[in-house]
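Remarks on the structure that follows.
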Amino acid sequence: MADQARVSAESRVGVAGAAARPANLRKRPRIGETIIQTTLFICGFISIFTTLGIVYVLGQESLLFFADESVSIVEFFTKTVWQPAIGEFGILPLVNATLMTSLIAMIVAVPVGLGAAIYLAEYATERVRGILKPVLEVLAGVPTVVYGYFALTFVTPAMRNVFGQDTVSIYNFGAAGIVVGILLIPLIATLSEDALSSVPQSLRNAAYGLGATKFETAVQVVVPGALSGIIAAGIIAMSRAVGETMIVALAAGASPNFTFNPFQPAETMTGHIARISGGDLSYATIDYNSIFAIGLMLFIITLLLNVASRWVVTRFREVYE
C-alpha cells in the first residue's frame, strides 16, 4: 500500500510538472516539405514570369509597329483591307475570318460534344465508358497538321460535291471551321462530362421519384445543374478555336478577304502569322512588326474569353453539399 501511494504521488507530481511547462508549438522543420514547397513556388513564378515576358515582347514590338508613320490606329481597327506590301493595315479581315471559323467550329463541336458528354455521364455503362473515353482521348491527340490535310483532301471535296464546284473554293474557311469543330469535340465532351458527373445523384433520384424519364432528368435536371461547367467548357473551346493555326493555315487559304461566305477563302490571324513569319522578312521592318500587332490582338481576344469563362464559373456555379 505504501509503495502504491508513493508511485501515485510521483505520477501526480510528474503530471503537474508537465502541465507547468509551456507546450512547444513551434513548427518542426521538415526538409522534404520545404523542398516541395520551394519547387512549387519556382514553378508558379516561372509561369507568371513567362506570361509577363510574352506580354512585354508583344507590347514592345507592337509599339514599334504603331509608331510607324504609315500606320494609323483608327484604320487598324476599322479598315477592311490588310495588305502590308502596299501599306494597308486594316485588321478586320483577319479578325472576321478568325471569329467566323471559330463560330462554325462551335456550331459543330458544342452539340456533338455535349451529346457525347450526356451519354457518357447518364447512359453509358462502366464498360462502354471505359471504351469510349480512351477513343475521345485518341481523337484529341491527333496532330493538327493531320486535321488540316483532312480538311483539305476530304472535307473540301465533299463540300464541293454537295454544293457545287463553282460555289465552294478549294480553300475555304467553312471546311476549316468544320474540322476545327471536330478537333474541339473531345475537349467539350471531357469537360462537360466532368461537370455533369459532379451533379449529386440525389437530384437524379428526386427527378425519378417524380416520374421523370432518364432523358427528362438529364436535360431538365442534370444539365441545368452543371450549366456553369458546360458554359466554361464552351468558352475554353472557343479560346482553343481562336488560337488554332495549322488547320486554318492549310485549309482556309492565304487571302485576307473580308467575307462572311464560308465557301470562300479567308485568312485568320494565326494563319497569317504562320504564313508570313516563314518568309524572308527583315528584322524591324513594318511587315515584321505587324506580326506582333496581330499577336497582341489575338492575345487580347483570348484574354477576354478567359475572363468571361472565370466570370461565368463564378456567377453560375452551383455548390452542392
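What the table shows:
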| quantity | calculated |
| --- | --- |
| Subset of the stretch 75-134 (residues that are among the charged types (D, E, K, R) and either assigned to a helix (DSSP H, G or I) or crowded, with 21+ Cβ neighbours inside 10 Å (or both)) | GLU75, GLU122, GLU126, ARG127, ARG129, LYS133 |
| Qualifying residue in the stretch 31-42 (condition: aromatic (Phe, Trp, Tyr), at pLDDT 85 or above and within 22 Å of PHE173 (Cα to Cα)) | no |
| Some residue of the stretch 125-138 being under 22 Å from LYS214 (Cα atoms) and of a type in the set (Gly, Ala, Ser) | yes |
| Tabulated pairs, the stretch 298-321, first among the basic types (Lys, Arg), second at pLDDT 80 or above, C-beta under 7 angstrom, 6+ apart or interchain | ARG317/SER228 |
| Residues (more than 24 Å from ILE230 (Cα to Cα), among the hydrophobic types (A, V, I, L, M, F, W, C) and assigned to a loop (DSSP other than H, G, I, E, B)) located in the stretch 135-162 | none |
| Only listed residue being modelled with pLDDT of 90 or more and not in a loop (DSSP other than H, G, I, E, B), chosen from ILE276, ILE247, ILE235, ILE231 | ILE247 |
| Answer residue from the stretch 204-222, given it is out of contact with any Leu (no Cβ under 7 Å at 6 or more places or on another chain) and surrounded by 16 or more Cβ atoms within 10 Å (Cβ to Cβ) and is nearest to ALA189 (Cα to Cα) among those | ALA218 |
| Members of the stretch 151-173 found to be in contact with a helix residue (DSSP H, G or I) (Cβ under 7 Å, 6 or more places away or on another chain) and under 14 Å from ASN261 (Cα atoms), listed by number | MET159, VAL168, ILE170, TYR171, ASN172, PHE173 |
| Among the candidates SER197, SER239, SER192, SER202, residue that is more than 22 Å from GLY113 (Cα to Cα) and polar (S, T, N, Q) | SER202 |
| Hits in the stretch 49-97 - residues which are among the acidic types (Asp, Glu) and over 20 Å from ILE301 (Cβ atoms) | ASP68, GLU69, GLU88 |
| Matching residues in the stretch 289-305 - criterion: being among the small types (Gly, Ala, Ser) and either under 17 Å from the mean Cα position of the chain (by Cα) or within 11 Å of LEU58 (Cβ to Cβ) (or both) | ALA293, GLY295 |
| Test: residue in the stretch 184-201 that is among the charged types (D, E, K, R) and not in a helix (DSSP H, G or I) | no |
| Boolean, ILE286 is among the hydrophobic types (A, V, I, L, M, F, W, C) and modelled with pLDDT of 85 or more | no |
| Residue that is surrounded by the fewest Cβ atoms within 10 Å (Cβ to Cβ), among those in the stretch 223-240 that are more than 14 Å from ALA109 (Cβ to Cβ) and not aliphatic (A, V, I, L, M) | PRO224 |
| Considering residues of the stretch 179-203 that are surrounded by fewer than 24 Cβ atoms within 10 Å (Cβ to Cβ) and not aliphatic (A, V, I, L, M) only, the residue farthest from VAL146 (Cα to Cα) | SER202 |
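The values are calculated or read from the model by the stated rules, or taken from the named source; none is laboratory data. Just so it is clear, the structure is predicted and the values come from calculations on it, not from any experiment. As a convention, Cβ positions derive from the backbone with ideal geometry for all residues, glycine included, and neighbour counts pool all protein chains shown.
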